[in-house]
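The values are calculated or read from the model by the stated rules, or taken from the named source; none is laboratory data. Model, not experiment: these values are computed from the prediction. So basically every Cβ, Gly included, is an ideal-geometry build from the backbone, and we count neighbours across all protein chains shown.
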Amino acid sequence: MKFPGRRKNKHYFPVTEKERVDISQSYGDDDSFHIVGIDQPLVDIECNVDDSFLDQYQLQKGQSQLIDSKTCDEIYAILKEQKRIKGEFAGGTVGNTLHNFCTLSEERAVLLGAISKNITVGDYSFKYISSTSSKVDLNHLQPCGSSMGRAICFITPDGERTFGISKGCMNDLFKFDRLIPMNSGAEAVETALKLTRRWGYDVKKIPENQAQIIVCADNFHGRTLGIISASTDPDSRRGFGPYLPGFIVVPYGDIAALEKLLKDPAQASTIAGFMVEPIQGEAGVVVPPDGYLKKARELTKAANVLLVADEVQTGLARTGKMLACDHENVKPDLLILGKALSGGVLPISAVLTSNEVMLTLKPGEHGSTFGGNPLACVVARAAMDVILDENLIEQAEKLGNIFRAELKAMNAPIVELVRGRGLLNAAVIRPHGKNEKGEPRTAKDVCYDFADAGLLAKQTHTHIIRFAPPLVITESELARGLGIIKKVLFSV
């Protein structure tokens, strides 16, 4: 499955009718020039050309000029054939970082806790397998020839390519009318909350300043003031009051509690939405009872209440489906995506919804300075291409089943429970022994033991360890990680 209009050109010149380029001389090199796409400022080809070559194509040094796409292609082909190209790379800070990492060739470069054969930081060199990448999913910078490498190298300025994430997300994958791009997951959640309230006032006709949104206990939707007002976590809320009113808290997974609220006419008349995580990640990978989301969808629809699914942690193949909601064939009214939307390369998040909901916002009423910037959008689109092209949904389902089965089969005395879906999993740890401070050992102590043995994992609360390796992890890497886990669990 591919997005419409996906580029197949193998070079940096865009395939548009006319493009503005700039010819600049390399510092300290009389015959080396950079051809830079001005309309796409991260595109840069360094090449050896003389005045006669520039004159042949009417290119002027130090000037910006428009040339047609056919000439672009011809120039590139000749430069390539005559071996005049000294380097092809993205320019600017991000581009140069990519160019430097791509010299690692088959090695997977280190980025955001990636799977890596070798990590070198300063004078220290060590090896790790990561199981902490649920927030970025792809979690490594692939070689330039890979899809994610092309995501940064091949940036084009035309609307369909640059902003094609909207078209692809809405039509090909998620079947929504509208998408509003933001940067962080928290921004997207705040956007969804605003949309839900606005829809409540404009469409449901809730009296002014009376709109309420139902949330679940032990949720984690972010750290802004508005979001922590919906939280029940003391660590998130302490010292930040007073809080934003308008939230009703119900126990997670308790469909009876939700039903009671939505079937109470006095309450339901002012309820605009129900915001829920399909799986509560920060709470410890808590999977709700089977049928919970489907029943919640039925109840919210009957009560004229929006179902808002926060898939920032669970979305985009992480749980063995494109969305965690897909496990119950549920389509929410608002879908929140983030973190993995760009494969961990750049900040981008999004809220997807219907025309009815999105168009309650009028120009100037909501926005973000960098939300939907062209580079982030094209990287996000490439990240989704990677998910589809490399069958990462199926891989997450397969490897997740292997991981949970193997972890359960270990029968480690300190493991009380194993749970999860796809490659989002957790182990509940029993109290055991004392640490070096003489205190009862917790999940954090076990995570330190994992790190010493070469595996990265993260505790949540005091007794839960989350395992969320990159979606690109191989079966052999997973087996090696399981070996480390077994060794540590039976040595404490």
Could you go through region 398-405 and let me know if any residue there is among the β-branched types (Val, Ile, Thr) and either buried (at least 22 other Cβ atoms within 10 Å of the Cβ) or assigned by TED's automatic domain parsing to the domain that holds Asp233 (or both).
no
Considering residues of region 213-232 that are more than 23 Å from Leu293 (Cα to Cα) and not aliphatic (A, V, I, L, M) only, the residue nearest to the chain's Cα centre (by Cα)
Arg223
Hey, among Leu141, Leu225, which residue is touching a Phe, Trp or Tyr at 6+ places or on another chain (Cβ under 9 Å) and at pLDDT below 55?
Leu141
Checking Met358 against (1) touching a Ser or Thr at 6+ places or on another chain (Cβ under 8 Å); (2) modelled with pLDDT under 95; (3) of a type in the set (A, V, I, L, M, F, W, C), only one condition comes out false. Which one?
(1)
Between a residue in region 341-364 that is touching a residue at least 60 places away in the same chain (Cβ under 8 Å) and assigned by TED's automatic domain parsing to the domain that holds Val330 and any residue that is among the aromatic types (Phe, Trp, Tyr) and not in a loop (DSSP other than H, G, I, E, B), which pairs come within a Cβ distance under 7 Å, given they are 6 or more apart or on different chains?
Leu352/Phe174; Val357/Trp199; Thr360/Trp199
Members of region 466-487 found to be assigned to a loop (DSSP other than H, G, I, E, B) and farther than 17 Å from Ala317 by Cα, listed by number:
none
Please verify whether Phe490 is closer than 25 Å to Gln313 by Cβ and aromatic (Phe, Trp, Tyr), treating the condition exactly as stated.
no
Right, Lys321: touching a residue at least 12 places away in the same chain (Cβ under 8 Å), surrounded by fewer than 24 Cβ atoms within 10 Å (Cβ to Cβ) and assigned by TED's automatic domain parsing to the domain that holds Ala268 or not?
yes
For Ala309, are the conditions met, namely being crowded, with 20+ Cβ neighbours inside 10 Å, among the aliphatic types (A, V, I, L, M) and either in a helix (DSSP H, G or I) or in contact (Cβ under 8 Å) with a residue 12 or more places away in the chain (or both)?
yes
Do any strands (runs of 3 or more DSSP E) lying entirely in region 372-436 carry at least 3 residues that are without any contact (Cβ under 8 Å) to a residue 40 or more places away in the chain and within 20 Å of the chain's Cα centre (by Cα), and which ones are they?
none
Hits in region 170-193 (condition: assigned to a helix (DSSP H, G or I) and not β-branched (Val, Ile, Thr))
Met170, Asn171, Asp172, Leu173, Phe174, Gly185, Ala186, Glu187, Ala188, Glu190, Ala192, Leu193
Between a residue in region 267-294 that is assigned by TED's automatic domain parsing to the domain that holds Glu190 and any residue that is of a type in the set (Asp, Glu) and assigned to a loop (DSSP other than H, G, I, E, B), which pairs come within a Cβ distance under 8 Å, given they are 6 or more apart or on different chains?
Gly273/Asp333; Glu277/Glu311; Pro278/Glu311; Gln280/Asp218; Ala283/Asp218; Val286/Asp218
For residues that are of a type outside the set (A, V, I, L, M) and in contact with a helix residue (DSSP H, G or I) (Cβ under 6 Å, 6 or more places away or on another chain), scanning just region 348-362, find the one that is surrounded by the fewest Cβ atoms within 10 Å (Cβ to Cβ).
Thr360
Number of the condition not met by Trp199 [criteria: (1) part of a loop (DSSP other than H, G, I, E, B); (2) more than 19 Å from Lys339 (Cβ to Cβ)]:
(1)
So, of the residues in region 233-252 that are buried (at least 18 other Cβ atoms within 10 Å of the Cβ) and under 25 Å from the mean Cα position of the chain (by Cα), which turns out to be farthest from Gln212 (Cα to Cα)?
Ser236
Any residue in region 460-474 that is in contact (Cβ under 8 Å) with a residue 60 or more places away in the chain and not assigned by TED's automatic domain parsing to the domain that holds Gln280 sitting within a Cβ distance under 9 Å of a residue that is acidic (Asp, Glu) and surrounded by 23 or more Cβ atoms within 10 Å (Cβ to Cβ)? List the pairs, counting only those 6 or more apart or interchain.
Ala468/Asp137; Pro470/Asp137; Leu471/Asp137; Val472/Asp137
